[in-house]
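Where a number appears in this text, it was derived from the coordinates with a stated rule and is not lab data. Remember, it's a predicted structure, so these values are computed and weren't measured experimentally. Neighbour counts are summed over all protein chains in view; Cβ atoms, including those assigned to glycine, are modelled from backbone coordinates with ideal geometry.
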Amino acid sequence: MRYLTTLAFSAFLSIVSYAQMRMPSAMVQTLDGRKVDARTFSNNGKPIIVNFWATWCAPCKRELSTIADKYDQWQKETGVKLIAVSIDDARSMARVKPYVDGQDWDYEVYLDPNGDLKRALNVNNVPHTFLLNGKGEVVYQHNNYEPGDENELYRKVQELVGRK
Amino acid sequence: MSNRHFVKGGFLTFLLLSASGLVAQEGGRIHGNFSTDAQYYNVDSAIGAVVPAQRLAANAWANLIYTNGPFEAGGRFESYTPPLAGYPAGTPYSGSGIGYRYAKYRQDDLEVTVGNFFEQFGQGMIFRSYEERYLGVDNAMDGIRLKYMPVRGLHLKGFIGQQRLSFANQAVKGPGIVRGIDAEVSLRELLDTNWTSANNLIIGGGFVSKYQEDRDPSLVLPQNVAAWALRANFTTPRWNVYAEYARKVNDPNSRNGFIYKEGQGLLVNATYSVRGFGLSMGAHSFDNMLFQSDRAAPTPFDLNINFLPPLAKQHTYNLPATLYPYATQPNGEVSAQGELFYKWKKGTKLGGKYGTKVAVNYSVAHALDTTRLGAVDDTTSRLGYRTAFLSPGHRRYFQDLNVEVRKRVSSTWEFALTYLNVWYDIDIIQGKPGEAPVHADILILEGLHNFTERNSVRFEVQHLSTREDHGNWATALAEFTFSPHWFVAAMDQFNYVGSEKLEAKGYEALHYPVGSVGYIRGGNRFQVNYGRQRAGIFCVGGVCRQVPAANGLTLSITSTF
């Protein structure tokens, strides 16, 4: 058994290329209840920030509120788009839209109430941020949020745009 | 090599080889994550700390997902050597091994999954299989699932399988078989292909049934138990109205006292929001809606087929979040919630230079108004009780009124002030019979100061006053962060009783100091805590687990790759 597993596993690893991770195929919901495949997230060849958060997660809300104050400028300078994926479940998913509007956020927001996209991207806990380049490849990720992390993230966005 | 192992090995080999067969078309990708929580326990009799026989405990998980075009396969290695004290919420876990594995194929509008999967119908009132790893809640299905979208806007799902109960070197499954179908139609997507309307109506319905053999010597128990639910969601750019009604046929089980009464549930919420203003209102009622795939499931956390969310705000500050959180009473409750978010914009009188945000939330939960049916006449007593659905009884389980104001006062300082008034039936919610209900006032001040663009400090001062349970609590926390890699935090929770009644019970003033250091780099995170951990309730989503008092060293590592 052990021999078989080892054999299969090494055969498997030898043919796997460690290619850049992309947005996987997983269904998320729009705030008006429609189902959308995360694979179709796009921003016309410009970078996308995918941020996992929840209404019950204090650092997540700090991060998104801090970025909200700079988001206009970020968009003008680099064309970046932030997609906020809420992992609130049936308990709190109805609060997401009034919360987002109440905070005056301008993000594209999706619901992932049973963690399908969260699992597909191997997110352990929130907040967790991915940065995708214009080709949709994950070029940077960051777990947790500390004040100032948004500057590091934005430098990565600027690098992406500068390189083009 | 036992025959069983050979079959398992064969299955794995088959999965991997069929995966490699597809690689010819396109390069496959492999990615995953890892996380571990380990704790060393010290003796600390003052706080009644648990000291397991094995002083070092560790939970660990690793997921691997392989994708190649339309094909995906994955598995999770789990290890509990032994599990942390108080983990998991339900039936104990032990040992190491593969607890979750699946293969999935997706072509055009059809998706086929074999092995383990998580799924949810509507908001989960009749079916939700899900995981909350940090609570140890995992009722993953093991079986087959199909999803099909015949036309845009119409989604069909069907599944059959068994649920995960616990873990002992491999996933341990419950005895029942669960199967279900669900259909959902989004009318605007289906009919209005030119997108002329900004409004949408989504209608859905699901049917779930469980099978479990009846071996009871005295009762004739239904072997097949069905539940169905209908739901509708109407949305406009400002309004979002959702309603779901569920019904379950007679399901005598150990938690409802083997009564033959049908169960029903109703869940309604409505929100109205525009930029800078959000309002949310919700109500629900559950009557005999606990639905487990084993009628004698070992604990209420095991083998749940459905999910009944508590309608109360999930708090983020330590004291309100872990001392008195509400948990749904599935056998019967009526509850309601209202919440308002408002932002005074920059430049307005109350908004000042940076804007001011306020949130007000109220929630309340009552028992159902029930009338017990006579115990003598068997045919009626087996129905248990009679109730007018949606009508609240006199017994109040929970009430929470809370207000939060958050304001940035300068470019480097931000403050938040929160007040909560909580009423908590600890007898029912935490199962402490005879304990008086807790009435607590909580006041919290949080401040955030940025020293530089990268360095900042955040502090919290919290106070909870009550004459019941363990009396008053005061908490102070300071957290220094050095973006993007380091943080250092220290917290003390001080329990001072402050009431003669409780002092007479022998409660003494106690400090619970704890220090933390963390390092984060990209998708990797390391954290070490040392100190006392208060007994409390740890919740994620709608489910909570009791964590015992402990003293020791904790190491947590998470990694995503």
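Near B:Gly161: Cβ cut-off under 12 Å, other residues only, Lys/Arg at +1 and Asp/Glu at -1. The net charge is +3.
Within the shell defined by Cβ-Cβ distances under 12 Å, the residues around B:Leu510 carry a net charge of -1, with Lys and Arg each +1 and Asp and Glu each -1.
Put in line by how crowded their Cβ is, counting other Cβ atoms within 10 Å and starting with the fewest, A:Asp32, A:Asp69 read A:Asp69, A:Asp32.
Computed from the mean reciprocal separation of all distinct C-alpha pairs, what Kirkwood hydrodynamic radius does the protein assembly as shown have, in Å? Final number for the Kirkwood radius of the protein assembly as shown is 27.1 Å. Other residues whose C-beta falls under 10 angstrom from the C-beta of B:Val358 contribute a net charge of +3, scoring Lys and Arg +1 and Asp and Glu -1. Once you reduce the range B:228-288 and the range B:44-108 to the center of their Cα atoms, the two points are 32 Å from each other. Of the chymotrypsin sites (Phe, Trp or Tyr not before Pro) found in the range B:190-296, the ones in coil according to DSSP and having at most 12 other Cβ atoms within 10 Å of their Cβ are B:Trp195. Checking every one of the trypsin sites (Lys or Arg not before Pro) in the range B:463-555 against DSSP loop status and a limit of 11 other Cβ atoms within 10 Å picks out B:Lys505. For chain B, what does the relative contact order come out to in percent, with C-alpha contacts under 8 Å and a separation of six or more? 11 percent. The rule of thumb for compact globular proteins, 2.2 N^0.38 Å, goes into the C-alpha radius of gyration of the range A:20-163 0.96 times.
Counting only DSSP H runs of at least 4 residues, each contributing -39500 (n - 2.57), and dividing by the residue count of chain B, the helix-based mean residue ellipticity at 222 nm comes to -2000 deg cm²/dmol. Seen from every direction in turn and averaged, the convex hull around the alpha carbons of the range B:408-561 projects onto 11.2 nm². If you average the alpha carbon positions of the range B:459-476 and of the range B:170-215, how far apart do those two centres end up, in angstrom? With the range B:459-476 and the range B:170-215 each reduced to a Cα centre, they are spaced 44 Å. Counts of other chain beta carbons within 10 angstrom of each beta carbon in peptide B:265-277 average 3. Cβ crowding within 10 Å ranks B:Glu189, B:Glu244, B:Glu414 as B:Glu189, B:Glu414, B:Glu244, fewest other Cβ atoms first. Give me the angle, in degrees from 0 to 90, between the Cα long axis of helix A:58-78 and the longest principal axis of the Cα atoms of chain A, rounded to the nearest 10. The two axes meet at around 80 degrees. With neighbour counts taken as other beta-carbon atoms within 10 Å, the residues B:Asp109, B:Asp142 rank, fewest first, as B:Asp109, B:Asp142.
Peptide A:144-155 has a mean of 6 when you count, residue by residue, the C-beta atoms of other protein chains within 10 Å of its C-beta. Applying D = kT/(6 pi eta Rh) to the range B:310-508, where Rh is the Kirkwood radius over alpha-carbon pairs, T corresponds to 25 °C and eta to 0.890 mPa s, the Stokes-Einstein value obtained is 124 µm²/s.
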